[in-house]
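Notes follow once the structure below has been shown.
Nothing in this text is a laboratory measurement; each read-out follows from the coordinates by a stated rule. Treat the numbers as computed from the prediction; the structure is a model and nothing was measured. Note that we place each Cβ from the backbone using ideal geometry, even for glycine, and neighbour counts take in every protein chain shown.
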Amino acid sequence: MNGWILAATVALGGGGAAALWGVTTGPPARRVIAQNLTTSAFCPALLLLAQGYGRPAYVDLALLLALLGPVGTLVFARLLSDDLSAEDASAWGPTWTAAVLGAAAVVALCVAVGPGRAMVKLLVIGVLLIGGNVIASRALAGGFRGVRGG
């Protein structure tokens, strides 16, 4: 086991446990926030596993997850807008924690792979992951008109 796999294990364990707890307990707002947290934790873990195992295909899976995860959160927020409007869904703590985790993983991997196409792909994944999750969290908090009962 190398450091990359260990870091991925910690990210999967911590993020997975927090997401599992959020999905299985509490009101619908917490469940949607936990779904968003799942994407934020698993995407950097996939990037770390790609480096640890030397499997570039995992990077493609992380790219797909970074694209579709926040979109899924926005779809849930729209479909459950009546249920979510009655609750105060603030997810800024988990969002910024996940953003820092994602940024740290992307920066570490960019340093490891060096300049080239792989680095550009990692930077695109980082921007999509962090930007998408910030937008999804803002939508869950009622920041966008028409997304959550606004």
(request) Rounded to whole Hz and in sequence order, give me ³J(HN,Hα) for segment 96-110 from the Karplus expression 6.51 cos²θ - 1.76 cosθ + 1.60, θ = phi - 60°, writing x for Gly and Pro. (result) 6, 5, 5, 5, 5, 4, x, 5, 4, 5, 5, 5, 4, 6, 4
(request) Work out how much length Val111 to Val124 would gain on full extension: take 0.36 nm times their residue separation and subtract the Cα-Cα distance, in nm to one decimal. (result) 3.2 nm
(request) Only Lys, Arg, Asp and Glu count, each charged at its Cβ (+1, +1, -1, -1), so figure out the dipole size of the chain about its Cα centre, rounded to 20 debye. (result) 260
(message) Using the Karplus curve 6.51 cos²θ - 1.76 cosθ + 1.60 with θ = phi - 60°, what ³J(HN,Hα) values do you get for each residue of segment 44-54, in whole Hz, with x for Gly and Pro?
(response) x, 5, 5, 5, 5, 5, 4, 6, x, 9, x
(request) Could you list which residues have their amide H under 5 Å from that of Ala141, counting only those 5 or more apart in sequence or on another chain, with H placed in the peptide plane? (result) none
(message) Nearest 10 degrees is fine. How inclined is helix 3-24 to the longest principal axis of the chain, computing both from alpha carbons?
(response) 10
(request) Would you compute, for the Cα atoms of segment 96-142, the largest minus smallest coordinate along each principal axis and list the three values in descending order, in whole Å? (result) 40, 18, 6
